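Report on the structure given below.
We did not get these values from a lab; they are worked out from the coordinates using the rules stated. None of these values were measured; they are calculated from a predicted model. Cβ: placed from backbone, ideal geometry, glycine included. Neighbour counts: every protein chain shown.
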Amino acid sequence: MDIKRVGDIEIEEDAAYQRRFHKAQRVSWALMSLAVLLALAGLAGPGLSGTDESESPDRAVKTEYNGTVFHQKDSEMTIKVKTSEGGRLSVWISRDYLESVYMKQMLPRPEEVIAAEGKIYFGFRLDGSARELEISLYFQPLRVGRLSGSIGSGKSTVEFSQFVFP
C-alpha cells in the first residue's frame, strides 16, 4: 500500500485492490447485460421472440402461440380455421403434443372429441354467419425441452414448435 501526498492530505492507495475492484465491476456489468438480453429473448417470459405464428400453405389454418413457455406454467395458443357455410367443423391436434401438455380448457368447447391414431379430433357446430372459427387453448407443458406438434382441419395442416424452459 502506497501513501500518496496531495497538497496537505495523505491518501493511501492500494493499486492491487483497485485492479480487482474494477475487474469485478466489469464482470458484474457483463452479467447484468447478459441477464437483460436473456429476458428480452424470452427466458423470463414471452419476451421479444415469444409470440410465433404458423399457417398452412392454403392459409385455411393458422396458429398463434408462445415460442418459449415454462414447465407447468399457464400458456395459451390460438387456432384460427377458415370455415365454409356453417354446419360442422372438425379440427385435429397431434396426439403426441397433447400428451406433452395438460389441457386446462378449450374455448369454445367442442361438441365431440374423437381419438384416432396419432390425432385427437374436436368437433364444433357452426352457425351460418361465421367465416372463421377461433379456438383458444389454455394449457400447461408437462415436460422440459422442445415440443413439436401439428394441427389441421380437412386437408390443411400446420406444424409448430415450442421450447419449454424449466
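State whether one or more residues within the range 147-160 are touching an Asp or Glu at 6+ places or on another chain (Cβ under 6 Å) and polar (S, T, N, Q).
Among the residues of the range 147-160, at least one is touching an Asp or Glu at 6+ places or on another chain (Cβ under 6 Å) and polar (S, T, N, Q), which makes the answer yes.
Of the numbered conditions (1) closer than 20 Å to R59 by Cβ; (2) exposed (fewer than 13 other Cβ atoms within 10 Å of the Cβ); (3) under 26 Å from the mean Cα position of the chain (by Cα), Q105 fails exactly one; give the number of that condition.
Only one criterion is unmet by Q105, namely (1).
Is it the case that some residue within the range 134-148 is part of a strand (DSSP E or B), crowded, with 18+ Cβ neighbours inside 10 Å and of a type in the set (G, A, S)?
Narrowing the range 134-148 to residues part of a strand (DSSP E or B): 134-141, 145-148.
So of that shortlist, the ones also crowded, with 18+ Cβ neighbours inside 10 Å come out as 135, 137, 139, 141, 147.
Now restrict to residues that are of a type in the set (G, A, S): none.
No: the range 134-148 contains no residue that is part of a strand (DSSP E or B), crowded, with 18+ Cβ neighbours inside 10 Å and of a type in the set (G, A, S).
Residue by residue through the range 61-77, note down the ones that are under 12 Å from the mean Cα position of the chain (by Cα) and surrounded by 15 or more Cβ atoms within 10 Å (Cβ to Cβ). So that I can check it myself, show each step before the final result.
Residues of the range 61-77 under 12 Å from the mean Cα position of the chain (by Cα): 64-71, 73-77.
Answer for the range 61-77, where residues must be under 12 Å from the mean Cα position of the chain (by Cα) and surrounded by 15 or more Cβ atoms within 10 Å (Cβ to Cβ): E64, Y65, N66, G67, T68, V69, F70, S75, M77.
Listed here are the residues, each with its yes/no results for (1) closer than 15 Å to E64 by Cα; (2) aliphatic (A, V, I, L, M).
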site	(1), (2)
I114	no, yes
G118	no, no
L133	yes, yes
Q140	no, no
F160	yes, no
